[in-house]
Amino acid sequence: MKVIRFTTEGLINSFRIPQTSAHQLTYLAPTKTNIVGMITSIMGKGEDYYYNLLKNIKVGVVPLQIDSLFTDAWTFRKWKESGSGRDILKREKLYKTRYVIYIACEEDLRAKIYDSIKNPLRIPSLGMDDEMVLIRDLTEIEMEKTEDNKIHSIFKFEEGMQFIPKFGGFKGMQIFPPRITTINLDFNVKKIPRKPEKFIQIVEFAGLYCELSSPQEFYFDHEKNYNVEIL
């Protein structure tokens, strides 16, 4: 399978877990909805195109580095009079992030996405609008299916699955151990406001890879020696 591969580097990013409000928590890595949002933006497209793109591409993410996780606090206006019409929102943020991102789709769409990443119409941001990222090492590669018990990317968690984290970074780096969380892969836009759907559980981490209790089917990146699950 032919895919687009590139690396993103950000100073401060946040990938909000939707179920949180007053204290907004973050995923450790961008989800499919975050990545498609960035691609839609740099292509110069709008909301309708975004929902269409969600259905037509698959993504894989290998988290390489997160220097730290911190909580930022900022005020916002509200309609209630209490608190002088203001309230405080806390938001988890990630400092100095680096990810390898894989995008799989049909050839014509892949060519458009590749050209847009190479020549973006808008400044790339991943997370909120002001969370800009650098995109490096853009390329197209061929990936082959493989069965292995090692996985380097974020992967889907199945009931009863067992895994052991293994160090996969560099000396002195910050480690974020595996945790299981829920993401959505699509939205139902027929309802207002839109409703997330196609929920799955994933295992996310940084600075590590995982050994599974039994081999699973992944895609293999020969150049970087990564096993990647593309969802």
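The values are calculated or read from the model by the stated rules, or taken from the named source; none is laboratory data. This is a predicted model, so every value here is computed, not measured. Note: ideal-geometry Cβ built from the backbone for every residue, glycine included; neighbour counts use all protein chains shown. For the accessible areas, the whole protein counts, side chains as well, though only heavy atoms, and no ligand, DNA or RNA atoms are used. Shrake-Rupley method; radii C 1.70, N 1.55, O 1.52, S 1.80 Å.
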### Summary
Taking region 105-121 and keeping residues surrounded by fewer than 17 Cβ atoms within 10 Å (Cβ to Cβ), in contact (Cβ under 8 Å) with a residue 60 or more places away in the chain and of a type outside the set (Lys, Arg) leaves 107, 114, 120, 121
### Query
In region 186-208, what residues are open to solvent by 30 Å² or more (accessible area, probe 1.4 Å) and either out of contact with any Ser or Thr (no Cβ under 9 Å at 6 or more places or on another chain) or closer than 13 Å to residue 156 by Cα (or both)?
188, 189, 190, 191, 192, 193, 194, 195, 197, 198, 199, 201
### Query
Would you call residue 94 crowded, with 16+ Cβ neighbours inside 10 Å and touching a Leu at 6+ places or on another chain (Cβ under 6 Å)?
yes
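Identify the residue in region 27-63 that is in a strand (DSSP E or B) and surrounded by 20 or more Cβ atoms within 10 Å (Cβ to Cβ) and, among all such residues, is nearest to the chain's Cα centre (by Cα). Let's see the steps before the verdict.
Pass one, region 27-63, residues in a strand (DSSP E or B): 58-63.
So of that shortlist, the ones also surrounded by 20 or more Cβ atoms within 10 Å (Cβ to Cβ) come out as 59-63.
Values: 59: 8, 60: 8, 61: 6, 62: 9, 63: 9 Å.
Restricting to residues being in a strand (DSSP E or B) and surrounded by 20 or more Cβ atoms within 10 Å (Cβ to Cβ), the top hit is 61.
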### Message
So for region 208-228 (the condition being part of a loop (DSSP other than H, G, I, E, B) and either among the aliphatic types (A, V, I, L, M) or within 20 Å of residue 31 (Cα to Cα) (or both)), does at least one residue qualify?
### Response
no
